[in-house]
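Shown next, in structure tokens, is the structure this report addresses.
The values are calculated or read from the model by the stated rules, or taken from the named source; none is laboratory data. This structure is a prediction, so every number in the text was calculated from the model and none was measured. Positions of Cβ are generated from backbone atoms using ideal geometry, with glycine treated the same way; all protein chains shown enter the neighbour counts.
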Amino acid sequence: MNGEFVGEIHSEDEVSVGNSGNFDGRIYAQRVVVEGGGRVSGEIAAQDVIVHSGGSIAGVAVQAANLTLEAKSDADGAHFQVHRDYKRSPSQAAANPAPAAPPNEPESAST
């Protein structure tokens, strides 16, 4: 997606925030890609999250099995708040189940 978007996206595949994309809200997908110049603010729940050089995620709660930050992805001063064991509210969890952990990877235990 390019341009401005405020809201929620649900996808069983990939969501890509393009170089002129500015997303504010929640993304639930198998894979989220933030291209150089793209910006995400909000919440991400995905199996894979990739932030390319020049892309940014700020003020974001990220639930992902795999997080890739390409070199210089935080060059513009973006702040990454990554919570591997982020817990959604029961209503959010019921409405939008989190992606399953990859095979042979134990589930995270809450403390």
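Condition check: in contact with a strand residue (DSSP E or B) (Cβ under 6 Å, 6 or more places away or on another chain), touching a residue at least 12 places away in the same chain (Cβ under 8 Å), farther than 16 Å from ALA61 by Cβ and in a strand (DSSP E or B). Does GLY7 satisfy that?
Yes.
List pairs: first in the range 31-42 and farther than 14 Å from GLU4 by Cβ, second among the charged types (D, E, K, R), Cβ under 8 Å, 6+ apart or cross-chain?
Pairs found: ARG31/ASP13; ARG31/GLU14; ARG31/ASP48; VAL32/GLU14; VAL32/ASP48; VAL33/GLU14.
Restricting the first residue to the range 12-27 and requiring it to be assigned to a strand (DSSP E or B), which pairs with a second residue that is aromatic (Phe, Trp, Tyr) meet a Cβ separation below 8 Å and a spacing of at least six or different chains?
What qualifies is VAL17/PHE23; GLY21/PHE5; ASN22/PHE5; PHE23/PHE5; ASP24/PHE5; GLY25/PHE5.
Criterion first (in contact with a Leu (Cβ under 9 Å, 6 or more places away or on another chain) and modelled with pLDDT of 90 or more) does VAL82 satisfy it?
Criteria not met by VAL82.
Here is a check on your reading of the model: is ALA46 touching a residue at least 12 places away in the same chain (Cβ under 8 Å), surrounded by fewer than 18 Cβ atoms within 10 Å (Cβ to Cβ), under 8 Å from the mean Cα position of the chain (by Cα) and on the phi < 0 side of the Ramachandran plot?
Numbers: touching a residue at least 12 places away in the same chain (Cβ under 8 Å): yes; surrounded by fewer than 18 Cβ atoms within 10 Å (Cβ to Cβ): no; under 8 Å from the mean Cα position of the chain (by Cα): yes; on the phi < 0 side of the Ramachandran plot: yes.
In short, no.
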